[in-house]
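Quick notes on the structure that follows.
The values are calculated or read from the model by the stated rules, or taken from the named source; none is laboratory data. What you are looking at is a predicted structure, and each value in this text was computed from that prediction instead of being measured. Counting neighbours? That spans all protein chains shown, and the Cβs are built from the backbone with ideal geometry, glycine included.
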């Protein structure tokens, strides 16, 4: 049975270059046999966080929020595709993530970062690591860091140039690491219920 993996992306910019990386990852995971789905924060359009999903009275959550809660609970693993804004996280992706808590628990997460510059969103990646851990996910050690994004992937998400070659070389290890932790988490959840 294929692993169900949500690839979460959160830029709200008019000219979103990072969607190229999200599309590349979804395609790469599907090519490996995974059931990968892009979750685009802008397309889902959750409001700025006022109440978490668990704090909304049953049956009254906006339909997009309720549907996403089900998808998160049913996922085996997550990939967070993040740009870097002034050394920090993209607010759109952080806002989407913060609407949920228990829904994320006991599954692995991977981080793929990008930027227009040579540092490839590394500072945002570091910030996400602690946040995802706090939210009950096991963050894998392998990461993808892509930059400059426009030189690594064309608008269709196909690798180009030396940066694209480096991404293609790094992706299998990233995906293998996520697959190992996904299998381990699935086996443990089947063997023993989580402690909370």
Output yes when any residue across the stretch 110-121 is modelled with pLDDT of 95 or more and closer than 20 Å to residue 49 by Cβ, and no when none is.
-> no
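Within the stretch 6-85, which helices (runs of 4 or more DSSP H) (wholly inside it) include 2 or more residues that are in contact (Cβ under 8 Å) with a residue 40 or more places away in the chain, touching a strand residue (DSSP E or B) at 6+ places or on another chain (Cβ under 7 Å) and over 17 Å from residue 114 (Cα atoms)?
Ranges flagged: 63-74.
If I go through the stretch 95-133 residue by residue, how many of them are over 19 Å from residue 144 (Cβ atoms) and either buried (at least 23 other Cβ atoms within 10 Å of the Cβ) or under 11 Å from the mean Cα position of the chain (by Cα) (or both)? Reasoning before the result, please.
Taking the stretch 95-133 as the starting set, the residues that turn out to be over 19 Å from residue 144 (Cβ atoms) are 95-96, 98-106.
Going one step further and asking which of them are either buried (at least 23 other Cβ atoms within 10 Å of the Cβ) or under 11 Å from the mean Cα position of the chain (by Cα) (or both), we end up with 96, 99.
Residues in the stretch 95-133 being over 19 Å from residue 144 (Cβ atoms) and either buried (at least 23 other Cβ atoms within 10 Å of the Cβ) or under 11 Å from the mean Cα position of the chain (by Cα) (or both): 2 in total.
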Flagged in the stretch 146-189 as exposed (fewer than 12 other Cβ atoms within 10 Å of the Cβ), modelled with pLDDT under 95 and in a helix (DSSP H, G or I), in numbering order, are 162
Out of (1) surrounded by fewer than 17 Cβ atoms within 10 Å (Cβ to Cβ); (2) more than 16 Å from residue 16 (Cβ to Cβ); (3) touching a helix residue (DSSP H, G or I) at 6+ places or on another chain (Cβ under 8 Å), the one residue 143 does not meet is (1)
Mind listing whichever residues of the stretch 90-123 are in a helix (DSSP H, G or I) and either touching a helix residue (DSSP H, G or I) at 6+ places or on another chain (Cβ under 8 Å) or closer than 14 Å to residue 152 by Cβ (or both)?
-> 92, 93, 94, 95, 96, 97, 102, 103, 104
